[in-house]
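Structure first, commentary second.
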Amino acid sequence: FIAAEDQNFYEHGGVDFMAVARAMVTNLKNRGSGKRLIGASTITQQVAKNFLLTNEVSYERKVKEAVLSFRIDKAMTKDQILELYLNEIFLGQRAYGVAAAALTYFNKPLDDLTVAEAAYLAALPKAPNNYHPVKQHDAALERRNWVIGRMLEDGYIVSAQAELAKSSPLVSTIVETDSVYAPYFAEEVRREIEKKYGPDSLYKGGLAVRTSVDPMLQKIAQKTLRDGLMEYDRRHGWRGAVTQIKDMGDDWKEKLSAVKDPDDMIDPWKLGVVVRATDDRAAIGFKDGTQKNILLDGVSWARKSLQDGYALGAEVASVRQVLDKGDVVMVEDVADKLILRQIPKIQGALVALDPHTGRVLAIQGGWKAGVSSFNRATQAKRQPGSAFKPFVYLAALDKGFTPATRVLDAPFTIEQAPGQYWSPENYSGEFYGPTPIRVGVEKSRNLMTVRLADHIG
């Protein structure tokens, strides 16, 4: 890092005036060429900026940085300043500090790094995003070899070490497809870490966090929950267009472009406007100016919602029954056919976990993350539902019943108050006769549970 960033670190008093003069001359030469200005910040100046200042590009900040650097150099030893720098510097991939970067890029502790690997980390402070080991491999390799050359020039390594290091391939444990879209899961992990270690450790501690999320199951969880919410919402009818464009003319594209996409709209849905409609189809225009027809089977589910979804209008017999010219609606292209979509009013959540280990494999805490930080999988209060049933069966075991004891699974009616009768049903709507308690728990049988609770009191 000294060879790459500040070769006179142990000699200067916080600011390297020779490096400043060199940078000024170089910048004057490059004036008007469009090349990026080069700086002459010492490691001490970077510590001052990282800990005490902002990233603002101004002469005022540079003056403050220089003054603070002189003071830091007088108050601390060189090794202490270097320690602060190496533990604080951002090295890309959410890694702060060299120890975190060694784990992130090479899955190694610092002691196990080779000269070539250490040189690569020292190549990153200048611009981590420009030297990604996979996406910008050639640029990263060139910069790494430049650092190795600087190390040789300054006497930190000998020529044999430099040749070996330069000939070493740049191999990182980071892969190009290392991101997983699991926002609800990630936010829950973030909250847990912040609660346990505090915000400073969370954002600046260089933590390496490993989770149990399964990318494939997370993708399935998101799709499954959304499909279920859409299916439920469809059964409660079509609530109408997002908005209406009045006076539809040839300028419909500009008018549609002025309509903001709903916050809850998901990919790959698109916002479109009905350009014309007939009984069997409607032409939907999109913001890029293209048009595509939506047929009757693409809107057949959209019976009008009545009484806030408690009743439905007539069966859909024509497209014009659902869509009018100027309607702005959401559609999805499924197998080259447009399907009318609407954002569900209902919300839900899904958690997938391994019952043998307790590992949480996927979390989907609502229709779409980002619109709200509320995670219904972990933060919503819910009715106990069938979760109370095991307590009924445990009470029965206390009264001398066994898992093999049979309880009648048949129609059951109880008078809750004078003239008020309650007749529960199984979820399947069927009756199964005398059934062992063990099966009643396993199948979550409602009638068995109610009959048993009534019997044991």
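The values are calculated or read from the model by the stated rules, or taken from the named source; none is laboratory data. Please read all numbers here as calculations on a predicted model, not as lab measurements. With ideal geometry, Cβ positions are generated from the backbone for all residues, glycine too; neighbour counts draw on all protein chains shown. What goes into the accessible areas is simple: the full protein's heavy atoms, side chains included, and nothing from ligands, DNA or RNA. Shrake-Rupley method; radii C 1.70, N 1.55, O 1.52, S 1.80 Å.
Brief remarks on what is shown
- Ordering of 447-456, 256-265 by packing [mean C-beta count within 10 Å, highest first]: 447-456, 256-265
- Candidates per GluC sites (Glu not before Pro) in the range 133-239, loop by DSSP, up to 16 other Cβ within 10 Å: Glu176
- Compactness index (Cα Rg / 2.2 N^0.38 Å), the chain: 1.46
- At 1.567 mPa s and 4 °C, Stokes D of the range 275-387 from Kirkwood alpha-carbon radius, µm² per second: 74
- Secondary-structure-derived ellipticity at 222 nm for the chain, considering helices only, amounts to -11500 deg cm²/dmol, per-run term -39500 (n - 2.57) for DSSP H runs with n ≥ 4.
- The range 114-271 - convex hull of the alpha-carbon atoms, volume per residue in Å³: 222
- Put the Cα centre of the range 203-243 next to the Cα centre of the range 142-184 and the gap is 39 Å.
- Placed amide H near Val407: partners under 5 Å, 5+ positions off or other chain: Thr435, Ile437
- Once Rg and the Kirkwood radius are both taken over the C-alpha atoms of the range 95-139, their ratio Rg/Rh works out to 0.93.
- Percent of C-alpha pairs per 10 Å bin, the range 358-457, short to long: 13, 34, 24, 20, 8, 0
- Under 15 Å from Lys135, Cα to Cα: aspartates and glutamates that are on another chain or at least 8 residues apart: Glu176, Asp178
- Rolling a 1.4 Å probe across the protein heavy atoms gives the chain an accessible surface of 60 Å² per residue.
- Overall shape of the range 35-152 was characterised from the C-alpha gyration tensor. The equivalent ellipsoid obtained from it has semi-axes of 26, 17, 13 Å, in decreasing order.
- Computed accessible area, Leu306, all protein chains, 1.4 angstrom probe, square angstrom: 70
- The spacing between the range 336-389 and the range 84-121, judged by their C-alpha centroids, is 38 Å.
- Surface composition of the chain: carbon plus sulfur atoms hold 54% of the accessible area, using a 1.4 angstrom probe and ignoring ligands, DNA and RNA.
- Around Thr449: net Lys/Arg minus Asp/Glu count, Cβ-Cβ under 15 Å: +3
- Distant-in-sequence amide contacts of Leu312, defined by a placed amide H-H separation under 5 Å and a gap of 5 or more residues or a different chain, comprise Leu306.
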